[in-house]
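The values are calculated or read from the model by the stated rules, or taken from the named source; none is laboratory data. What you see is a predicted model, and the numbers here were worked out from it, not measured in a lab. Here the Cβ positions follow ideal geometry from the backbone for every residue, glycine too, while neighbour counts run over all protein chains shown.
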């Protein structure tokens, strides 16, 4: 039996204020804190997916991708029907100037947090590692 594969794309979104980088975390209905991301639709590039998903989930429409940063997270989970699904999520680094967020129904709240606090608040270890890499990338 083949394990279904879901492909998604997302972004480590940040804004810079007073020389400090603040990272956007979304609280999902299931209760976890994570990055903005979503399913890649037929014919979409990764960046097109990110632009569409981020706008749908947050209202942010001014993303500027930071060249040279791309990470991948892979994991599996149990589907509602009990089967297993393998998921791959490609993540880019993107800057916004918009602090005001218009949340979709997929999320219950959001936070803009400086690096260390964002890492602490994020639910999943693999996301924490991506955030650490993004912070190092921005510092270099």
Would a scan of the stretch 6-18 turn up a residue that is in contact with a helix residue (DSSP H, G or I) (Cβ under 7 Å, 6 or more places away or on another chain), surrounded by fewer than 18 Cβ atoms within 10 Å (Cβ to Cβ) and modelled with pLDDT of 95 or more? no
Counting just the residues of the stretch 33-51 that are free of Cβ contacts under 8 Å to residues at least 40 places away in the same chain and assigned to a helix (DSSP H, G or I), which one comes out nearest to residue 121 (Cα to Cα)? 51
So which of 11, 30 ends up being assigned to a loop (DSSP other than H, G, I, E, B) and within 23 Å of residue 117 (Cα to Cα)? 30
Only one of 88, 108, 123, 127 is closer than 19 Å to residue 53 by Cβ, in contact (Cβ under 8 Å) with a residue 60 or more places away in the chain, in a loop (DSSP other than H, G, I, E, B) and in contact with a strand residue (DSSP E or B) (Cβ under 8 Å, 6 or more places away or on another chain); which? 123
Of the residues that make up the stretch 112-120, is at least one surrounded by 15 or more Cβ atoms within 10 Å (Cβ to Cβ) and part of a loop (DSSP other than H, G, I, E, B)? no
Per-region count, the stretch 57-105, residues surrounded by 17 or more Cβ atoms within 10 Å (Cβ to Cβ), farther than 18 Å from residue 134 by Cβ and in contact with a helix residue (DSSP H, G or I) (Cβ under 9 Å, 6 or more places away or on another chain): 1
